[in-house]
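Down below is the structure, laid out as structure tokens.
The values are calculated or read from the model by the stated rules, or taken from the named source; none is laboratory data. Just so it is clear, the structure is predicted and the values come from calculations on it, not from any experiment. Positions of Cβ are backbone-derived with ideal geometry, glycine not excepted, and every protein chain shown enters the neighbour counts. These area figures cover heavy atoms from the full protein model, side chains too; ligands, DNA and RNA do not enter into them. Shrake-Rupley method; radii C 1.70, N 1.55, O 1.52, S 1.80 Å.
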Amino acid sequence: MGTPPSSVRPPGAWAERLARWGYATALRLATPLYFLKLWRRGGAEPLYRAHWAERLGCGERTAPGALWLHAVSMGETRAAAPLIAALRARRPDLRLLLTHSTATGRETGRELLREGDAQRWLPLDTPGAVRRFLDRHQPIAGVLMETEIWPSLMAEAERRRLPVVLANARLSAKSARQGQRLRALLHPAAARLALALAQTADDARRLREAGVGEVQVCGNLKYDLQPDEALLARGQAWAAAQPQPRRPVLLMAVSREGEEAALLSAWRQRPEAGGARPLLLIVPRHPQRFDEVATLVRDAGFSLARRSSWVGQDLPPPEAWSAEVWLGDTLREMPLYYGLADLALLGGSFEPLGGQNLIEAAACGCPLLMGPHTFNFSEAAALAEQAGAARRVPSLAEAVTMATGLLAEPGALAQQAARARDFAAEHRGAAERMAQALAGRLPQR
């Protein structure tokens, strides 16, 4: 893929060198605090306490010649799956080096590995750690998922003439504005990308303004993710197996800190509606918060059933159906929860956090209400709203009020579910487009 021409970079190399020196120095000084944070997170997720040498670019070597792909967390790793499959269809001999920054990303990535592949933590973005990482693995090219641009890494990749591509690339208007404050550091790093494969035309424009030399619009890989049919069917089976009278299910999907307390308050004050009282199902974004959210539910005075208490059983136990709130405290079961739910609220969109991935809900045929903050998925949110797959509400309290009314209208929900499935199917194809753009540029073995 080659190295981008230096002409795309702004003048003032001394300013960049000074900015990178200050950045790397700050990272070195913060390294003990970083490892302390990992240790604390490891109390809830033990994988954070494993393979620490890799965080410094050390650890076991791998055979040279793999394609290195970095997906920071579970969402990016899952999005990478259709791209990896499309690349392997073109290059059956392709070996992968997968890197991650979070425990959920690394756990999810294990499912993508084949014989000859390897998996590591992405090292700290200090010059020494980056050099050690690239010395040990010697990839043929790098693919970074979505938003991951690291100044020291990009500088060392350019020095080695290692092409690096940003795939499924997105850059919100908010992130672009924030990036301007660190222009001397981030603009040269973006300019060193060989190629960015953007989700939308707006992302592409902002990426060019941020310094990326070559950008192609390919769409969003998350449309190509097919929900696990077995999990989806299990959720639908649970819904059908409910004791009578059946209770409609409202799902708070991938909730973030601050949203659960507001939801529980609004749920207590929701208007009365005809029929059976709804069941509220909350699935937090971060597993380390499962116990915290359980405490919030109990402190709010609701009876609680935790999904983890009946893992391994075909159906929820009878006593679970009498609970007022369920906690989805398991990983990689979102299709099950979407299959069970009659309607979902989009987590991360009711606080200024940018929203979570709404495409999975649509692919599962789950109607959706989203809050005002969807800047991480702005185009997908707008298209879903236009297609009638999702509705926007200004606050959680109003979302609960609207949801209470919709749950009493199964016909309207069925129509929105059909529109959601059609919307998800209409926008597939990004994996093939990105694989085509990448495959012709990968160095031949």
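Ranking Ala184, Ala240, Gln216 by how far each Cα lies toward the positive end of the dipole of the stretch 178-337 (charges on Cβ) leaves Ala184 at the top.
For a label point 7 angstrom out from the Cα of Ala439 toward its Cβ, which stretches of the stretch 65-82 have the backbone nitrogen within less than 18 Å? Within reach of a label on Ala439, which here means backbone N under 18 Å from a point 7 Å along Cα→Cβ, the stretch 65-82 contributes 67-68, 80-82. State the Cα centre-to-centre distance between the stretch 265-315 and the stretch 64-79 in whole Å. So the separation of the two Cα centres works out to 33 Å.
Over all distinct Cα-Cα pairs of the stretch 104-256, the Kirkwood formula returns a hydrodynamic radius of 18.5 Å.
Can you run the Rg to Rh ratio on the stretch 143-204? Use alpha carbon positions and the Kirkwood inverse-distance Rh.
So for the stretch 143-204, dividing Rg by the Kirkwood Rh gives 0.96.
Taking 0.36 nm per residue of sequence separation and subtracting the Cα-Cα distance, how much length would be gained by fully extending the chain between Ala173 and Ala425, in nm to one decimal?
So the extension gain works out to 88.0 nm.
On a per residue basis, the stretch 1-153 carries 44 Å² of accessible surface, using protein heavy atoms and a 1.4 Å probe. Rounded to 0.05, the FRET efficiency of the Ala201 and Ser322 pair, given R0 = 51 Å and the Cβ-Cβ distance, is 0.50. Place a point 7 Å from Cα of Gln226 in the direction of its Cβ. Which residues in the stretch 319-353 have their backbone N less than 16 Å from it? Hits in the stretch 319-353 for Gln226 at 16 Å: 335. Per-residue ellipticity at 222 nm, computed for the chain from helices alone with -39500 (n - 2.57) per DSSP H run of at least four residues, works out to -13500 deg cm²/dmol. In this simple spin-label approximation, Thr330 and Arg90 carry label points 7 Å from Cα along the Cα→Cβ vector, and these lie 3.7 nm apart. With N as its number of residues, the stretch 205-334 has a Cα radius of gyration that, divided by 2.2 N^0.38 Å, comes to 1.34.
Give me the percent of the accessible area of the chain that comes from carbon and sulfur atoms, probe 1.4 Å, all protein chains in place.
Carbon and sulfur: 53 percent of the exposed surface of the chain.
Its alpha carbons considered, the stretch 69-190 gives a radius of gyration followed by a Dmax of 14.6, 44 Å.
For the chain, the spread of Cα positions along the three principal axes, ordered from largest to smallest, is 68, 43, 43 Å.
Remark: the Arg277-Ser265 segment gains 2.7 nm on full extension, using 0.36 nm per residue and subtracting the alpha carbon distance.
Comparing Leu280, Leu368, Leu18 in a Gaussian network model of the chain (Cα springs below 10 Å), the most mobile by mean-square fluctuation is Leu18.
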